[in-house]
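J.: So that we are looking at the same thing, I have put the structure below in C-alpha coordinates.
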Amino acid sequence: MNNDNIADKILELKKKKNAVILAHFYQVPEIQDIADFVGDSLGLAQNAAKTNAEIIVFAGVHFMAETAKILNPGKKVLLPDLEAGCSLADSCPAPDFKRFKDKYPDHKVITYINCSAEVKALSDVICTSSNALKIVESFPKEQKLIFAPDKNLGNYVNNMTGRNMVLWDGSCHVHNQLNVSKVIELKLQNPDAKVIAHPECQGPILAMADYIGSTTALIEFIRKDPGMKYIVATETGILHQMHKDCPEKEFIIVPANETCACNDCPYMKLNTMEKLLSCMEKETPEIKLTDEIIDMAKIPILKMLDISKQAKLI
Ligand code: 13P
Ligand code: SF4
(Lines give C-alpha, C1' and ligand atoms only; values in the text may rest on other atoms or scores of the structure.)
(Ligands and ions follow the chains in the order given, each with its own letter.)
Protein backbone atom coordinates (compact mmCIF):
# COMPACT_ATOMS: atom_id res chain seq x y z
CA MET A 1 0.00 0.00 0.00
CA ASN A 2 1.39 3.44 -0.79
CA ASN A 3 1.37 6.35 1.67
CA ASP A 4 -1.70 8.00 0.07
CA ASN A 5 -3.77 4.84 0.51
CA ILE A 6 -2.54 4.44 4.07
CA ALA A 7 -3.38 8.09 4.78
CA ASP A 8 -6.94 7.61 3.41
CA LYS A 9 -7.47 4.58 5.64
CA ILE A 10 -6.09 6.41 8.69
CA LEU A 11 -8.45 9.35 8.09
CA GLU A 12 -11.41 6.99 7.66
CA LEU A 13 -10.63 5.14 10.91
CA LYS A 14 -10.06 8.41 12.73
CA LYS A 15 -13.60 9.50 11.93
CA LYS A 16 -15.21 6.13 12.53
CA LYS A 17 -13.54 5.63 15.92
CA ASN A 18 -13.62 9.25 17.11
CA ALA A 19 -9.84 9.27 17.42
CA VAL A 20 -7.42 12.18 17.52
CA ILE A 21 -3.84 11.98 16.25
CA LEU A 22 -1.28 14.03 18.19
CA ALA A 23 2.20 14.19 16.68
CA HIS A 24 5.55 15.61 17.74
CA PHE A 25 7.71 17.72 15.41
CA TYR A 26 10.33 14.92 15.30
CA GLN A 27 7.93 12.52 13.58
CA VAL A 28 8.41 11.68 9.89
CA PRO A 29 6.81 14.29 7.58
CA GLU A 30 3.88 12.11 6.45
CA ILE A 31 2.82 11.52 10.06
CA GLN A 32 3.10 15.24 10.86
CA ASP A 33 0.94 15.98 7.82
CA ILE A 34 -1.88 13.63 8.81
CA ALA A 35 -2.00 14.61 12.49
CA ASP A 36 -4.77 16.72 14.03
CA PHE A 37 -2.18 18.56 16.05
CA VAL A 38 1.61 18.77 15.72
CA GLY A 39 3.52 20.39 18.52
CA ASP A 40 6.13 20.43 21.24
CA SER A 41 5.77 18.52 24.49
CA LEU A 42 3.80 21.30 26.20
CA GLY A 43 1.43 21.79 23.26
CA LEU A 44 0.86 18.05 23.05
CA ALA A 45 0.09 17.78 26.78
CA GLN A 46 -2.25 20.79 26.57
CA ASN A 47 -4.08 19.23 23.61
CA ALA A 48 -4.27 15.85 25.32
CA ALA A 49 -5.80 17.58 28.34
CA LYS A 50 -8.64 19.12 26.33
CA THR A 51 -9.51 16.54 23.67
CA ASN A 52 -13.05 15.14 23.39
CA ALA A 53 -11.90 12.19 21.28
CA GLU A 54 -12.42 8.68 22.65
CA ILE A 55 -9.09 7.39 21.40
CA ILE A 56 -5.80 9.31 21.50
CA VAL A 57 -3.28 8.09 18.98
CA PHE A 58 0.10 9.39 20.05
CA ALA A 59 2.66 9.76 17.30
CA GLY A 60 5.58 10.48 19.56
CA VAL A 61 7.45 8.60 22.25
CA HIS A 62 6.41 6.61 25.30
CA PHE A 63 6.66 9.35 27.95
CA MET A 64 4.45 11.63 25.83
CA ALA A 65 1.78 8.95 25.41
CA GLU A 66 1.98 8.22 29.15
CA THR A 67 1.36 11.90 29.88
CA ALA A 68 -1.73 11.76 27.64
CA LYS A 69 -2.94 8.65 29.51
CA ILE A 70 -2.36 10.27 32.91
CA LEU A 71 -4.50 13.21 31.78
CA ASN A 72 -7.14 10.88 30.29
CA PRO A 73 -7.31 7.73 32.41
CA GLY A 74 -10.69 6.74 30.97
CA LYS A 75 -9.54 6.95 27.35
CA LYS A 76 -7.63 4.57 25.17
CA VAL A 77 -4.15 5.95 24.38
CA LEU A 78 -2.33 4.21 21.57
CA LEU A 79 1.36 4.43 20.64
CA PRO A 80 2.19 2.98 17.20
CA ASP A 81 5.37 1.33 18.52
CA LEU A 82 5.78 0.61 22.24
CA GLU A 83 9.55 0.51 21.73
CA ALA A 84 9.50 4.26 20.97
CA GLY A 85 11.22 5.20 24.22
CA CYS A 86 13.63 8.01 25.07
CA SER A 87 17.28 7.83 26.12
CA LEU A 88 16.78 10.80 28.44
CA ALA A 89 13.84 9.18 30.24
CA ASP A 90 15.85 5.92 30.40
CA SER A 91 18.75 7.79 32.05
CA CYS A 92 16.59 8.25 35.16
CA PRO A 93 15.20 4.97 36.54
CA ALA A 94 12.57 5.63 39.24
CA PRO A 95 14.19 3.57 42.07
CA ASP A 96 17.54 5.37 41.55
CA PHE A 97 15.79 8.71 41.39
CA LYS A 98 13.91 7.97 44.62
CA ARG A 99 17.26 7.29 46.39
CA PHE A 100 18.71 10.52 44.93
CA LYS A 101 15.68 12.55 46.00
CA ASP A 102 15.81 11.10 49.54
CA LYS A 103 19.27 12.64 49.98
CA TYR A 104 17.73 16.12 49.66
CA PRO A 105 14.65 16.07 51.91
CA ASP A 106 14.29 19.88 51.98
CA HIS A 107 14.34 20.22 48.17
CA LYS A 108 11.35 20.48 45.85
CA VAL A 109 11.53 18.36 42.72
CA ILE A 110 11.08 19.74 39.20
CA THR A 111 11.22 17.12 36.49
CA TYR A 112 11.39 17.62 32.77
CA ILE A 113 8.47 15.90 31.04
CA ASN A 114 10.96 13.51 29.35
CA CYS A 115 10.75 10.96 32.18
CA SER A 116 8.67 7.94 33.11
CA ALA A 117 5.28 8.16 34.83
CA GLU A 118 6.95 6.66 37.93
CA VAL A 119 9.48 9.53 38.05
CA LYS A 120 6.67 12.05 37.51
CA ALA A 121 4.92 10.47 40.50
CA LEU A 122 7.98 11.38 42.62
CA SER A 123 7.94 15.03 41.49
CA ASP A 124 6.43 18.28 42.74
CA VAL A 125 6.00 19.83 39.31
CA ILE A 126 6.74 18.89 35.70
CA CYS A 127 8.19 21.25 33.11
CA THR A 128 8.94 21.18 29.40
CA SER A 129 11.59 23.02 27.42
CA SER A 130 9.09 25.79 26.67
CA ASN A 131 8.16 26.54 30.27
CA ALA A 132 11.20 25.41 32.32
CA LEU A 133 12.29 28.96 33.21
CA LYS A 134 8.78 29.97 34.29
CA ILE A 135 8.25 26.82 36.31
CA VAL A 136 11.57 27.29 38.13
CA GLU A 137 10.83 30.99 38.72
CA SER A 138 7.46 30.05 40.21
CA PHE A 139 9.40 28.89 43.29
CA PRO A 140 10.78 31.46 45.77
CA LYS A 141 14.51 32.16 45.29
CA GLU A 142 15.35 30.57 48.65
CA GLN A 143 13.58 27.29 47.84
CA LYS A 144 16.10 24.50 47.26
CA LEU A 145 15.38 22.59 44.07
CA ILE A 146 16.23 19.33 42.36
CA PHE A 147 16.04 19.34 38.56
CA ALA A 148 15.90 16.07 36.61
CA PRO A 149 16.65 14.31 34.36
CA ASP A 150 18.31 16.59 31.76
CA LYS A 151 21.55 18.16 33.05
CA ASN A 152 21.95 20.32 29.93
CA LEU A 153 18.53 21.92 30.34
CA GLY A 154 19.15 22.10 34.10
CA ASN A 155 22.48 23.91 33.62
CA TYR A 156 20.88 26.28 31.13
CA VAL A 157 18.08 27.12 33.58
CA ASN A 158 20.58 27.53 36.44
CA ASN A 159 22.56 29.99 34.29
CA MET A 160 19.49 31.92 33.21
CA THR A 161 17.89 32.18 36.64
CA GLY A 162 20.96 32.34 38.91
CA ARG A 163 19.66 29.28 40.78
CA ASN A 164 21.78 26.45 42.02
CA MET A 165 19.46 23.51 41.44
CA VAL A 166 20.83 20.05 42.16
CA LEU A 167 20.93 18.29 38.81
CA TRP A 168 20.36 14.67 37.89
CA ASP A 169 23.12 13.53 35.52
CA GLY A 170 21.00 12.61 32.49
CA SER A 171 20.92 13.65 28.86
CA CYS A 172 19.33 13.01 25.48
CA HIS A 173 21.75 11.02 23.35
CA VAL A 174 20.60 12.86 20.21
CA HIS A 175 21.15 16.41 21.45
CA ASN A 176 24.10 15.56 23.65
CA GLN A 177 26.16 14.29 20.73
CA LEU A 178 25.70 17.38 18.55
CA ASN A 179 29.16 18.50 17.68
CA VAL A 180 30.27 21.97 18.80
CA SER A 181 33.20 22.05 16.36
CA LYS A 182 30.70 21.40 13.55
CA VAL A 183 28.65 24.37 14.71
CA ILE A 184 31.80 26.55 14.64
CA GLU A 185 32.71 25.21 11.19
CA LEU A 186 29.18 25.82 9.85
CA LYS A 187 29.15 29.32 11.33
CA LEU A 188 32.52 30.13 9.68
CA GLN A 189 31.22 28.84 6.35
CA ASN A 190 27.89 30.69 6.79
CA PRO A 191 28.58 33.90 8.72
CA ASP A 192 25.12 35.24 7.78
CA ALA A 193 23.35 32.27 9.44
CA LYS A 194 21.87 32.41 12.95
CA VAL A 195 22.45 29.49 15.29
CA ILE A 196 19.23 28.22 16.87
CA ALA A 197 19.36 25.44 19.45
CA HIS A 198 17.21 23.23 21.63
CA PRO A 199 18.13 23.54 25.34
CA GLU A 200 18.86 19.79 25.52
CA CYS A 201 22.14 20.60 23.67
CA GLN A 202 25.38 20.89 25.62
CA GLY A 203 26.45 24.25 27.11
CA PRO A 204 29.11 25.14 24.48
CA ILE A 205 26.48 24.91 21.72
CA LEU A 206 23.97 26.91 23.74
CA ALA A 207 26.66 29.54 24.35
CA MET A 208 26.97 29.99 20.58
CA ALA A 209 23.23 30.15 19.94
CA ASP A 210 21.44 33.30 18.81
CA TYR A 211 18.19 31.74 20.01
CA ILE A 212 17.38 28.85 22.36
CA GLY A 213 13.94 27.29 22.65
CA SER A 214 11.61 24.32 22.48
CA THR A 215 10.71 22.89 19.08
CA THR A 216 7.64 25.15 18.86
CA ALA A 217 9.67 28.17 19.98
CA LEU A 218 12.37 27.48 17.37
CA ILE A 219 9.72 27.25 14.63
CA GLU A 220 8.04 30.44 15.81
CA PHE A 221 11.43 32.17 15.89
CA ILE A 222 12.28 31.37 12.25
CA ARG A 223 8.74 32.42 11.19
CA LYS A 224 9.13 35.89 12.72
CA ASP A 225 12.86 36.50 12.36
CA PRO A 226 13.97 38.56 9.32
CA GLY A 227 17.03 36.31 8.75
CA MET A 228 17.26 33.93 5.78
CA LYS A 229 19.67 31.25 7.00
CA TYR A 230 19.77 29.15 10.17
CA ILE A 231 22.11 26.57 11.66
CA VAL A 232 19.68 24.29 13.49
CA ALA A 233 20.86 22.35 16.55
CA THR A 234 18.13 19.81 17.20
CA GLU A 235 16.55 16.69 15.69
CA THR A 236 16.02 16.64 11.91
CA GLY A 237 12.23 16.15 12.06
CA ILE A 238 11.82 19.86 12.84
CA LEU A 239 12.99 20.77 9.33
CA HIS A 240 9.70 19.60 7.79
CA GLN A 241 7.68 22.31 9.53
CA MET A 242 10.42 24.90 8.99
CA HIS A 243 10.49 24.24 5.24
CA LYS A 244 6.68 24.33 5.10
CA ASP A 245 6.47 27.62 6.98
CA CYS A 246 9.41 29.38 5.35
CA PRO A 247 10.20 27.74 1.99
CA GLU A 248 12.35 30.70 1.00
CA LYS A 249 14.73 30.29 3.97
CA GLU A 250 17.71 27.97 4.30
CA PHE A 251 18.15 25.56 7.20
CA ILE A 252 21.39 23.74 7.94
CA ILE A 253 21.06 20.93 10.46
CA VAL A 254 24.00 20.40 12.83
CA PRO A 255 25.33 16.89 12.26
CA ALA A 256 25.68 14.47 15.15
CA ASN A 257 29.43 13.88 14.92
CA GLU A 258 32.41 14.03 12.56
CA THR A 259 31.33 11.08 10.43
CA CYS A 260 27.55 10.94 10.55
CA ALA A 261 25.49 13.47 8.62
CA CYS A 262 22.18 12.35 10.10
CA ASN A 263 20.69 13.46 13.35
CA ASP A 264 17.51 11.44 13.77
CA CYS A 265 16.06 10.30 17.09
CA PRO A 266 15.86 6.53 16.56
CA TYR A 267 12.92 6.29 18.97
CA MET A 268 10.84 8.99 17.30
CA LYS A 269 11.54 7.43 13.93
CA LEU A 270 10.21 4.00 15.00
CA ASN A 271 6.71 5.28 14.25
CA THR A 272 5.72 4.80 10.61
CA MET A 273 2.51 5.33 8.63
CA GLU A 274 2.07 1.53 8.49
CA LYS A 275 2.35 1.21 12.27
CA LEU A 276 0.02 4.19 12.74
CA LEU A 277 -2.62 2.51 10.59
CA SER A 278 -2.14 -0.86 12.25
CA CYS A 279 -2.50 0.54 15.77
CA MET A 280 -5.71 2.32 14.77
CA GLU A 281 -7.12 -0.84 13.20
CA LYS A 282 -6.23 -3.14 16.10
CA GLU A 283 -6.42 -0.52 18.87
CA THR A 284 -3.08 -1.72 20.19
CA PRO A 285 -0.35 -1.18 21.47
CA GLU A 286 -2.10 0.65 24.27
CA ILE A 287 -0.54 2.59 27.17
CA LYS A 288 -1.43 1.01 30.51
CA LEU A 289 -0.67 2.53 33.91
CA THR A 290 -1.83 1.69 37.41
CA ASP A 291 -4.43 3.94 39.04
CA GLU A 292 -1.94 4.73 41.80
CA ILE A 293 0.72 6.00 39.38
CA ILE A 294 -1.89 7.94 37.41
CA ASP A 295 -3.17 9.64 40.56
CA MET A 296 0.33 10.53 41.77
CA ALA A 297 1.74 11.62 38.41
CA LYS A 298 -1.30 13.72 37.54
CA ILE A 299 -0.69 16.20 40.38
CA PRO A 300 2.67 17.62 39.10
CA ILE A 301 1.44 17.60 35.47
CA LEU A 302 -1.70 19.57 36.33
CA LYS A 303 0.43 21.95 38.36
CA MET A 304 2.58 22.57 35.28
CA LEU A 305 -0.46 23.14 33.06
CA ASP A 306 -1.85 25.55 35.61
CA ILE A 307 1.37 27.58 35.92
CA SER A 308 1.69 27.59 32.11
CA LYS A 309 -1.79 29.10 31.82
CA GLN A 310 -1.09 31.86 34.33
CA ALA A 311 2.31 32.91 33.11
CA LYS A 312 3.45 34.26 29.78
CA LEU A 313 5.85 31.63 28.51
CA ILE A 314 9.21 32.31 26.99
P1 13P B 1 10.07 19.85 22.86
O2 13P B 1 9.32 19.50 21.62
O3 13P B 1 9.13 20.02 24.01
O4 13P B 1 10.95 21.01 22.65
O5 13P B 1 10.98 18.60 23.26
C6 13P B 1 11.91 18.05 22.45
C7 13P B 1 12.15 16.64 22.77
O8 13P B 1 13.21 16.23 23.09
C9 13P B 1 11.09 15.71 22.64
O10 13P B 1 11.61 14.47 22.80
FE1 SF4 C 1 14.26 11.42 23.94
FE2 SF4 C 1 16.16 12.82 22.75
FE3 SF4 C 1 14.58 11.30 21.28
FE4 SF4 C 1 13.62 13.53 22.43
S5 SF4 C 1 15.17 13.42 20.85
S6 SF4 C 1 12.64 11.49 22.39
S7 SF4 C 1 14.79 13.58 24.32
S8 SF4 C 1 16.01 10.57 22.83
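J.: Of the residues that sit in segment 90-116 and are outside any loop (DSSP other than H, G, I, E, B) and either among the aromatic types (Phe, Trp, Tyr) or buried (at least 24 other Cβ atoms within 10 Å of the Cβ) (or both), which one is farthest from ligand 2 (Cβ to nearest atom)?
T.: Phe100
J.: Right, something else. Within segment 158-195, track down each residue that is within 16 Å of ligand 2 (Cβ to nearest atom) and either part of a helix (DSSP H, G or I) or surrounded by 23 or more Cβ atoms within 10 Å (Cβ to Cβ) (or both).
T.: Of everything in segment 158-195, those that are within 16 Å of ligand 2 (Cβ to nearest atom) and either part of a helix (DSSP H, G or I) or surrounded by 23 or more Cβ atoms within 10 Å (Cβ to Cβ) (or both) turn out to be Trp168, Gly170, Cys172, His173, Val174, His175, Asn176, Leu178.
J.: Here is a follow-up. Does Asp8 satisfy being at pLDDT 95 or above and either touching a Phe, Trp or Tyr at 6+ places or on another chain (Cβ under 9 Å) or farther than 21 Å from Glu220 by Cα (or both)?
T.: Spelling it out, Asp8 is indeed at pLDDT 95 or above and either touching a Phe, Trp or Tyr at 6+ places or on another chain (Cβ under 9 Å) or farther than 21 Å from Glu220 by Cα (or both).
Per-residue answers, yes or no, for (1) within 16 Å of the chain's Cα centre (by Cα); (2) within 25 Å of Ile307 (Cα to Cα); (3) away from ligand 2 (no atom under 16 Å from the Cβ):
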site: Asp4; (1), (2), (3): no, no, yes
site: Lys15; (1), (2), (3): no, no, yes
site: Gly39; (1), (2), (3): yes, yes, no
site: Ala45; (1), (2), (3): yes, yes, no
site: Ala48; (1), (2), (3): yes, yes, yes
site: Gly60; (1), (2), (3): yes, yes, no
site: Thr67; (1), (2), (3): yes, yes, no
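J.: Just one of Glu220, Glu274, Glu235 is more than 16 Å from ligand 1 (Cβ to nearest atom), of a type outside the set (A, V, I, L, M, F, W, C) and either touching a residue at least 60 places away in the same chain (Cβ under 8 Å) or out of contact with any Cys (no Cβ under 7 Å at 6 or more places or on another chain) (or both); which is it?
T.: None of the other options fit; the residue is Glu274.
J.: For segment 224-274, which residues satisfy the criterion of being among the polar types (S, T, N, Q), within 15 Å of ligand 2 (Cβ to nearest atom) and within 15 Å of His173 (Cα to Cα)?
T.: Those that are among the polar types (S, T, N, Q), within 15 Å of ligand 2 (Cβ to nearest atom) and within 15 Å of His173 (Cα to Cα): Thr234, Thr236, Asn263.
J.: Something else: Counting only residues that are touching a Leu at 6+ places or on another chain (Cβ under 9 Å) and under 26 Å from Lys141 (Cβ atoms), which one in segment 80-103 is nearest to ligand 1 (Cβ to nearest atom)?
T.: The selected residue is Phe97.
J.: Can you tell me which residue in segment 240-268 is nearest to ligand 1 (Cβ to nearest atom), limited to those that are crowded, with 17+ Cβ neighbours inside 10 Å and part of a helix (DSSP H, G or I)?
T.: Applying the filter and picking the extreme gives Met268.
J.: So which helices (runs of 4 or more DSSP H) are wholly in segment 1-78 and hold at least 1 residues that are within 14 Å of ligand 1 (Cβ to nearest atom)? Steps first, please.
T.: Working: elements: 3-16, 29-34, 41-50, 62-71.
In segment 1-78, the matching helices (runs of 4 or more DSSP H) lie at 29-34, 41-50, 62-71.
The values are calculated or read from the model by the stated rules, or taken from the named source; none is laboratory data. Worth saying up front: this structure is predicted, and the values here are computed from it rather than measured. Quick reminder, even Gly has a Cβ in these numbers, built from the backbone with ideal geometry, and neighbours come from all protein chains shown.
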